[in-house]
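Reading through the structure tokens given below for one structure.
Nothing in this text is a laboratory measurement; each read-out follows from the coordinates by a stated rule. As the structure is a computational prediction, the values presented were derived from the model and not from experiment. Here the Cβ positions follow ideal geometry from the backbone for every residue, glycine too, while neighbour counts run over all protein chains shown.
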Amino acid sequence: MNKKLKIAIIGSRGYPYVYSGYETLVKELSERLVKKGHNITVYCHRSLFKHRPQNINGVDLIYTPSVETKFLSQIVNSFFSFIHVCFSKSDVVLIVNTSNGPFGILTRLFKKKTCINVDGLEWLRPKWKGLGSMYFKIGTKLSVLFFDKLITDCNEMKKVYLKKYRCNSTVISYGSTMTNFGDNDILKKHKIISKKYYLIVGRLIPDNNSHLIIDGLLLSDSTMQIVVVGDVPYEDKYATMIKENASKKIIFTGYVNCQKELTALYKNCFAYFHGHEFGGTNPTMINALDINCSIIALDTPFNREMLLNKEAIYFKKNSNSLKSAINFFEKNYHIFENNNKDYKLSKIYEWDYIANQYLKLFKKIS
């Protein structure tokens, strides 16, 4: 008889709040594990939820305090969440984000079984300059030390942790959030025409390179529009600087939380730009792969791993490289489209497979 596990999840903004890859992971994983009969508790940032039901879709919810600033929000929320979970009856605690590394001393002292999804190379991201970068370096080292199992989202990230920390990890990816049907009304709303625009999806932070992509497009021979989906949930000079480029050619939608609308934007784009620099497997790229978009991507080991079975165009981190990539792509668009017509998303990016991989790991350590 299969044991029914009590699983707690700490480190996201909560459920069903969807803002980034972590929240999507928590949502998709929790709902599937509940259907399999397991008890799931998600810790939520109290300040983000006006209404605070104790249970949604079978997922138990605990609302702990947070201070909603760029750096302190997760640390404060995680501190209270870890204190609470140590006195709970949870069999396994799933932690996301290496900023939670220092709190692993608590779960270790209380002999809680733990695993952590370490995501990308947070300490290299420009938004965490100075003390922020130093904190993530320390948090990552303590994550390796205190938590029972590490989860990386791709083989290239696994190599990083093996080389830098001599720590093995379990590779489990993220999945697509695309739907079977899109809502094309969003095209009318923003006055964009199918196959006449490029698409960027992601937070407006330096290491996603939206500004570089916009510069490259403006330097190129392209007459296409570019649609930028995303923002940041705080006041930020970089994000403000990017949004000052808004024009008939450069359209900023802000966040698009409706998956039908987001699906429509992917399905109707001429090509998808992926400028993410320090992450591993990125959910926005998975969505583009699921829709089988043409893809122009920053040349990193992580992006090449994701695009292993798909013909894509790569660019270096400079405007001239991007300009050349865009010009080459537009001249050879039909060749790329034809070469990728039979592409199918790998099962490692399917949520049912992902949930089973997590459950296998939870059972192993519980």
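Couple of notes before you dig in:
- Set of aspartates and glutamates with alpha-carbon distance to LYS364 below 20 Å, sequence-local pairs under 8 removed: ASP91, ASP148, ASP153, ASP352
- Relative contact order of the stretch 252-308, defined on C-alpha pairs under 8 angstrom at six or more residues apart (%): 35 percent
- DSSP bridge orientation in the chain - percent antiparallel, rounded to nearest 5: 5 percent
- Here, the stretch 185-346 yields an orientationally averaged convex hull projection of 8.9 nm² when only Cα atoms define the hull.
- Dividing the radius of gyration of the alpha carbons in the stretch 153-243 by their Kirkwood radius gives 1.08 for Rg/Rh.
- Helix-derived mean residue ellipticity, 222 nm - over the chain, DSSP H n ≥ 4, -39500 (n - 2.57), to 500: -12000 deg cm²/dmol
- Alpha-carbon gyration tensor eigenvalues x 5, square-rooted, for the stretch 113-201, Å: 37, 18, 11
- If you plug the beta carbon distance of LEU109 and ILE138 into 1/(1 + (r/R0)^6) with R0 = 25 Å, you get a FRET efficiency near 0.85.
- Relative contact order of the chain, defined on C-alpha pairs under 8 angstrom at six or more residues apart (%): 15 percent
- Under 17 Å from the ASP185 label point (7 Å along Cα→beta-carbon), backbone N, the stretch 249-271: 256-265
- Calculated P(r) of the chain - Cα pairs past 26 Å, %: 51 percent
- On the beta carbon distance between PHE49 and LYS260, with R0 = 25 Å, the FRET formula returns roughly 0.60.
- Residue order, fewest to most beta carbons within 10 Å, for THR107, THR223: THR223, THR107
- Antiparallel bridges, percent of DSSP beta bridges restricted to the stretch 16-123 (to nearest 5): 15 percent
- The Cα atoms of the stretch 217-312 define a convex hull whose projected area, averaged across directions, is 7.1 nm².
- Computed label-point distance, nm, for sites SER366 and ASP352 using a 7 Å Cα→Cβ extension: 2.1 nm
- Order of LYS316, LYS341, LYS310 under a 10 Å beta carbon neighbour criterion, fewest first: LYS341, LYS316, LYS310
- Contact order relative to length of the stretch 276-366, as percent, for alpha carbon pairs under 8 angstrom and 6 or more apart: 26 percent
- Pairs with C-alpha atoms separated by more than 28 Å, drawn from the list LYS158/LYS323; LYS159/LYS344; LYS249/LYS331; LYS35/LYS137, are LYS158/LYS323; LYS35/LYS137.
- Per-residue Cβ neighbour counts within 10 Å put ARG108, ARG166, ARG52, ARG203 in the sequence ARG166, ARG52, ARG108, ARG203, beginning with the fewest.
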